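Comments concern the structure below.
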Amino acid sequence: MSTKESERAARRKAAADGHGTETIRLEISRYRPEQDTEPVFESFDVPMSEDWAILDGLNYVKDQLDGTLSFRWSCRMGVCGSCGMNVNGKPRLTCGTFLSEFGRGPVRIEPLKGFPVIRDLVVEIDDFLAKLSHVRPWLIREGEELPLTAEYAQTPEQLEAYKQYSMCINCLLCYSACPVYVLNPDFLGPAAIALAQRYNLDSRDQGDRLDLLNSDEGVWGCTFVGECTSVCPKHVDPAEAIQRYKVTAAMRSVLPWSRR
Ligand code: SF4
Ligand code: FES
């Protein structure tokens, strides 16, 4: 064992001793472009605590064992959507996935599948951001000058019509789980379509996204595997959004004047 490795082992042991004797092993995918030609796994033992999420384990590694480990996170409460990773092969929010779920481990942590890896657990999401802006995820009003000053009241029923889709936090777990997106990078994907529907179903919106959604890269690319909905931590149900818009698109082919 090299001096560096024995120092690291001693640090791991000392850190674990300070937090009780029980530890759980995290097998973390590492990719450091300056030294790795492809991702490799590195194991770290972290204290096992009932109230620790995977993200706490990763932060422990970064703070105590290896400060070079790179990963994204911000809110620690399932809101910012930045901590998505593959945990034992499934896309999960690491701040909402507890170590206790994995017994004695090990827990394998990898970057979200389907996206280029920048470093360690950090992936490139430019493709999603471009697709998201492509579906125009904002209220479109016709013939009105900015700034808009009028009030656009809604009934509770009108809010309910799109509220579920507005809960999306752009965590991209659905893209990572989607077999179509992995095979066809041109597919708009679950969250972008669900967010298009969020605005299509908003009574204040006057936009028309048919040309974007009614295509093989849009809703017709979806083969309804449904994994996007299974992994979604916010119960957005993107699979339902897609199937719903298939009905809308089909209706509009026979009733072209209908909009939603
Ligand atoms: S639809 Fe669900 S899984 Fe997909 S990005 Fe939004 S919150 Fe995440
Ligand atoms: S850290 Fe924000 S969703 Fe997990």
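Among the residues making up the stretch 211-233, those that are assigned to a helix (DSSP H, G or I) and crowded, with 18+ Cβ neighbours inside 10 Å are 212, 213, 219, 221, 227, 228, 229, 231. Within the stretch 44-98, the set of residues being more than 18 Å from residue 175 (Cβ to Cβ), among the aliphatic types (A, V, I, L, M) and within 15 Å of ligand 2 (Cβ to nearest atom) comprises 53, 54, 55, 58, 77, 79. With a requirement of 2 or more residues that are within 16 Å of ligand 1 (Cβ to nearest atom) and touching a residue at least 60 places away in the same chain (Cβ under 8 Å), the strands (runs of 3 or more DSSP E) lying completely within the stretch 74-168 that satisfy it span 84-87, 90-93. The set of residues in the stretch 52-73 that are in contact with a helix residue (DSSP H, G or I) (Cβ under 8 Å, 6 or more places away or on another chain), more than 16 Å from residue 27 (Cβ to Cβ) and not in a helix (DSSP H, G or I) comprises 52, 53, 73.
No other residue among 74, 82 is among the polar types (S, T, N, Q), within 14 Å of the chain's Cα centre (by Cα) and closer than 25 Å to residue 182 by Cβ apart from 82. Annotation: of all residues in the stretch 169-195 being among the hydroxyl-bearing types (Ser, Thr, Tyr) and either in contact with a helix residue (DSSP H, G or I) (Cβ under 7 Å, 6 or more places away or on another chain) or over 18 Å from residue 93 (Cβ atoms) (or both), the one that is farthest from ligand 1 (Cβ to nearest atom) is 181. Residue-level analysis places residue 174 outside the set of residues that are within 16 Å of ligand 2 (Cβ to nearest atom), in the same structural domain as residue 34 (by TED's automatic domain parsing) and in contact with a Cys (Cβ under 7 Å, 6 or more places away or on another chain).
The criterion of being out of contact with any Cys (no Cβ under 8 Å at 6 or more places or on another chain) and at pLDDT below 95 does not hold for residue 67.
Scanning the stretch 242-260 for residues that are closer than 17 Å to residue 202 by Cα, modelled with pLDDT under 85 and not polar (S, T, N, Q) yields a total of 2.
The values are calculated or read from the model by the stated rules, or taken from the named source; none is laboratory data. The structure displayed is predicted, hence computed values, not measured ones. Every residue, glycine as well, gets a Cβ built from its backbone with ideal geometry; the counts of neighbours run over all protein chains shown.
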